[in-house]
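Please read the structure below before turning to the comments.
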Amino acid sequence: MLNEERVILMTKLASYEAGEGKKNVAIGSYFRSDYIGWQVLKSIISATIAFVVVFAMYIFYDFELFMTDIYKMDLLEFCRNILIRYAVVVGGYAIVSYIIYTYRYSKARKSLRLYYRNLKKLADMYDEKQ
């Protein structure tokens, strides 16, 4: 005879495993600092690439004007301004990434705790039957 409560719980667990659970199990396999650090590092690399692309577009937009002004400008000041802008962009992006990935990690861990609690509940239901 089928236990309706057990079938409902198994369906709920299978649905979780097929959808959101895959991502959460992957996240949950990391330590908190490893997951967040890896994601922030990837974000910093992406922000660096984006900054270089945008800077290159800025330079190439009016390359002729840039080349004529390069002899008139203070190159150290120009480089310092670019580095400051780079630090602000990448630093801001890293902080936002840290906040987002910390939230995602805690949400995934909370979801996994509920999943494991339901698995234990299902195992207890099977033990009660015997």
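FYI, it's all coordinate maths here, none of it is from the lab. Quick caveat: nothing in here was measured; it's all calculated off a predicted structure. Here Cβ is always computed from backbone atoms with ideal geometry, including for glycine, and neighbour counts include all displayed protein chains.
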Task: Nitroxide proxy distance, nm - points 7 Å out along Cα→Cβ at W38 and T68 - done: 5.3 nm
Open item on the list: Rounded to two decimal places and with Rh computed the Kirkwood way over Cα pairs, what is Rg over Rh for the chain?
Closed with: 1.34
TODO: Please give, to one decimal in nm, the separation of the simple spin-label points placed at L75 and K120, each 7 Å out from Cα toward the Cβ.
DONE: 6.6 nm
Task: Top of G37, G19, G28 by mean-square fluctuation, Gaussian network on the chain, Cα under 10 Å - done: G19
TODO: Could you compute the FRET efficiency for R113 and Y86, with r as their C-beta to C-beta distance and R0 at 30 Å, rounded to 0.05?
DONE: 0.15
TODO: Output the peptides 60-73, 112-125 sorted from most to least packed, where packing is the average of other Cβ atoms within 10 Å over each peptide's residues.
DONE: 112-125, 60-73
TODO: Answer with one residue from A108, A56, Y35: the one whose Cα lies farthest towards the positive end of the charge dipole of the chain, charges on Cβ with Lys, Arg +1 and Asp, Glu -1.
DONE: A108
Task: Full-extension gain in nm, M57 to E4, via 0.36 nm per residue minus C-alpha separation - done: 12.8 nm
Open item on the list: Over the Cα atoms of the stretch 55-130, what radius of gyration and what Dmax do you get, in Å?
Closed with: 27.5, 88
Open item on the list: Please arrange L83, L13 by how many other C-beta atoms lie within 10 Å of their C-beta, fewest to most.
Closed with: L83, L13
- [ ] Compute the length gained on full extension between F31 and I95: take 0.36 nm times their separation in residues and subtract their Cα-Cα distance, giving the result in nm to one decimal.
- [x] 21.1 nm
